[in-house]
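Asks: Quick one: the structure is below, and I'll ask about it shortly.
Laboratory data are not the source of any read-out in this text; all were calculated from the coordinates shown. Being a predicted model, the structure only gives us computed values, none of them experimental. Every residue, glycine among them, receives a Cβ derived from its backbone with ideal geometry; neighbour counts consider all protein chains shown.
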Amino acid sequence: MPDDFFKVQRPLTPEQWSFLSETTLDKWLGARPASVAYCARCVQSNQRPRIEFDNEGVCSACRYWERKGAIDWASRDAQLTEILNRHRSKYGSYDVVVPGSGGKDSAYVAHQLKTRWGMHPLNVTWAPFTYSEIGMRNLQAFVHSGFDNLLATPNGQLHRKLTLLSTALVGDPFLPFIWGQISYAFHIAKLMDIPLVFFGENGEAEYGGSTETENLSGMPTSAWSDNYWKGVTPTKMVQIGQDMGLISGEEALSISRFYFPPDLNGGPRSLENYWYGYFTEWRPQDNYFYCAEHTGFAANPEGRSEATYSKYASLDDRTDGFHYYFGLLKFGVGRATSDAAHEVREGLIDRDEAIALVKRYELEFPDRNYDFFLDYTGLDRDKFEVLANKFRADHLWVQRNGEWALRHPIWETQAT
Ligand SMILES: [Zn+2]
């Protein structure tokens, strides 16, 4: 398919552009600490939303990792056994919904539930904006390794508009994906009367975030809006799009219901959701090796992903580099930091190696799909620059010789 298929022919009016270029909605931007600090153990920054640092300068993700060493895994295993025994179907009908795009983590969960626990998972996928070649290949490999899958792909024109709004207002192109990724799974569970949903890991606890959910076995629906959606629900965004004349009334009426969380209160059976990573130790690299062996998962044939050194995480979407890039602009935390921080915790690399990797890759621009991203959102390079710079906070960024630089990068502030 030629790339110009994805081109948006929709010039913004001056009023629309001035609103987009001047308005900022991410509720976590105001919560950034004024001075930058890095975890004394890993390489994570105190700017990461909701992360907590204790008085020894250690981040909540590292403390969580430490506490995980004391978890009674046998007791967690018994809890999992009880849950699955209660739900396992006798005659082979679906008994658990596993949301996933074909990546290593969801494939691992589905494969474990099926082969280790004798469950009958239905895998559900909320489509990436546009599948990368390797992402689609991995989804196909997963399905062909023995799984049923439902793939929901929302209206491509409306999805572009929501992506433009999310990029410009929230600084996260992924928001429309994240809405559907959570909501769609619960819709299918409800529609098909499968009252059990298994996600992968509790990202807040594993990678640094709020400690409130640390001891929960599943995702509290009350946390969706603030923690996962940055305070911007799909309802709110569609309304903004309508108010600025970007989304028509007819489009708003016909928008897929799968963006919006379903009402989980009604119905004869209550719906349970869990993180598989609550019951068993969660190691992303092990999931990669596991899926390479069992579900045909392949790493990125183009080598490492841009702005990091890894080649097996977050590969499905051609726009994923921009999700990480805007995180770097807003919080000074990019893709290399995200990968290196958990690898330090897992003991795969030491902190000095991590700092060297962050220094080498963190600031790399996701050039490979830049033109594609501009076509998809209808932005041009000038407008993209305006939006990018809007999200650079003064306490994080400085211009030196016409180039943007981090004021306090870890490689300059930490002795190695
Ligand atoms: Zn840490």
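Asks: How about segment 319-343: which of its residues are more than 16 Å from the ligand (Cβ to nearest atom) and either of a type in the set (F, W, Y) or in contact (Cβ under 8 Å) with a residue 60 or more places away in the chain (or both)?
Replies: Passing the criteria: T319, D320, F322, H323, Y324, Y325, F326, G327, L329, K330.
Asks: Just name the residue that is farthest from the ligand (Cβ to nearest atom) out of those in segment 344-371 that are farther than 10 Å from T308 by Cβ and crowded, with 21+ Cβ neighbours inside 10 Å.
Replies: I355
Asks: Name the residue that is nearest to the ligand (Cβ to nearest atom), counting only residues in segment 14-69 that are of a type in the set (A, V, I, L, M) and free of Cβ contacts under 8 Å to residues at least 40 places away in the same chain.
Replies: So, considering only residues that are of a type in the set (A, V, I, L, M) and free of Cβ contacts under 8 Å to residues at least 40 places away in the same chain, the one nearest to the ligand (Cβ to nearest atom) is V58.
Asks: The conditions are (1) crowded, with 20+ Cβ neighbours inside 10 Å; (2) under 21 Å from F258 (Cβ atoms), and M119 fails exactly one of them. Which is it?
Replies: Unmet condition: (2).
Asks: Another question, if that's okay. Any idea which residue in segment 32-58 is farthest from T337 (Cα to Cα), counting only those that are among the hydrophobic types (A, V, I, L, M, F, W, C) and under 20 Å from the mean Cα position of the chain (by Cα)?
Replies: I51
Asks: Something else: Within segment 214-245, work out how many residues are crowded, with 20+ Cβ neighbours inside 10 Å and part of a loop (DSSP other than H, G, I, E, B).
Replies: Of the residues in that region, 4 qualify.
Asks: Follow-up question, since we're still on this one. Does segment 104-141 hold any residues that are among the aromatic types (F, W, Y) and more than 20 Å from the chain's Cα centre (by Cα), and which are they?
Replies: Once the filter is applied, which keeps residues that are among the aromatic types (F, W, Y) and more than 20 Å from the chain's Cα centre (by Cα), segment 104-141 yields only W117.
Asks: Grab the helices (runs of 4 or more DSSP H) fully contained in segment 136-211, keeping just those with 2 or more residues being of a type in the set (G, A, S).
Replies: Correct list: 175-191, 203-207.
Asks: Which pairs turn up if I take residues in segment 189-209 that are closer than 19 Å to K68 by Cβ and look for partners that are surrounded by fewer than 23 Cβ atoms within 10 Å (Cβ to Cβ) and among the basic types (K, R) with beta carbon separation below 6 Å, at least 6 apart in sequence or on another chain?
Replies: G209/R50
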